[in-house]
Amino acid sequence: VRELLEEGKTTELGRVILEKACMDAVRWQQHNVVVAVNLSPIQFRNPNLVNEVRNALESSGLDPKFLELEITESAVLGDVENTIKVMNELKTLGIRLAIDDFGTGYSNLAHLKHFNVDVLKIDQAFVRGGNGGPLDHLSDGAIVEAVIGMAKAFKLHVVAEGVESIHHADELRTLGADLGQGFYFSRPVSGEGIDEFLAAEFESGARQP
């Protein structure tokens, strides 16, 4: 019973976070900002997930192309057929899907080509390692290179997590990563902080000759 209650609380919290993220994203879609929302394994298994995503989009008025749902690799393990079904249903809404923390879940790579996803996010363990990991080189450059090559073969957009130095960014750029995520670019900021950043960027662009 306790586990069911915990699952219910997690699912409800996930729904609220999704709705809030969509409401915030409406303010930023004029700047072509894609907002990524993490789904927990419990939330991904929620039979009402597709309806909840649809309702969040409709109630907020957000263009679906500006919403990306991130699903951890561990969440898609197990029932592959159901995973493919849910992903296909989510894709019909017009949103983007990402596999998060890739490389930590020991999934069958053969399944990847069947998952209707747009983005592959390389886990930070292969970029910066653990706490105190190297900042002058990728901690597992060979693995990062292999994952990027595989992702490109499946025509996936590649995002590397854990970028904490210009050395990380330069190496990832050389290896073909599309985007990087980490403290090198920015510490976490509030929604109001994003508003201020985008406003300043817009004003700066408007002043350009």
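The values are calculated or read from the model by the stated rules, or taken from the named source; none is laboratory data. This one's a predicted model, so the numbers in the text were calculated from it and none came from an experiment. Note: accessible area is taken over every heavy atom of the protein model, side chains too, but ligands, DNA and RNA are not part of it. Shrake-Rupley method; radii C 1.70, N 1.55, O 1.52, S 1.80 Å.
From the Cα gyration tensor of segment 145-195, with a ≥ b ≥ c the square roots of its eigenvalues, which class applies: rounded if a/c is under 1.5, or else prolate if a/b is larger than b/c, or else oblate? Oblate is the answer for segment 145-195, as a/c is 1.5 or above yet b/c matches or exceeds a/b.
Residues whose amide H lies under 5 Å from that of H157, counting only those 5 or more places away or on a different chain, are V119, L120; hydrogens are built 1.01 Å from N in the peptide plane. The computed Rg and Dmax of the Cα atoms in Å for the structure shown corresponds, within (1) 17.5, 56; (2) 22.0, 67; (3) 18.1, 64, to (3).
Name the helices (complete DSSP H segments) of the chain with a Cα length along the long axis of 27 Å or more and a Kyte-Doolittle mean of at least -1.0, or state none. Kindly include the intermediate steps, with their values, before the conclusion.
Working: long enough: 2-28 (39 Å, -0.34).
Span-like helices, by this rule, are 2-28.
Excluding ligands, DNA and RNA, the accessible surface per residue across the chain is 56 Å² with a 1.4 Å probe.
Per-residue 3J(HN,Hα) values for segment 38-43, derived from phi via the Karplus relation 6.51 cos²θ - 1.76 cosθ + 1.60 with θ = phi - 60°, read 6, 10, 6, x, 5, 5 Hz in sequence order (x marks Gly and Pro). Phi-derived couplings, Karplus 6.51 cos²θ - 1.76 cosθ + 1.60 at θ = phi - 60°, listed residue by residue for segment 98-103: 10, 8, 9, 6, 5, x Hz, with x used for Gly and Pro.
Annotation: amide H of T72 within the under-5 Å range of L39, D100, sequence separation 5 or more or interchain, hydrogens built in the peptide plane.
Over the chain, what percent of the accessible surface lies on carbon and sulfur atoms, probe 1.4 Å?
Values: 6320 of 11780 Å².
It is 54 percent, rounded to a whole number.
Using a ≥ b ≥ c from the Cα gyration tensor of segment 9-120 (square roots of the eigenvalues), is it rounded, prolate or oblate, where a/c under 1.5 gives rounded and otherwise the larger of a/b and b/c decides, a/b for prolate?
Working: a/c = 1.90, a/b = 1.55, b/c = 1.22.
Prolate, because a/c is 1.5 or more and a/b exceeds b/c.
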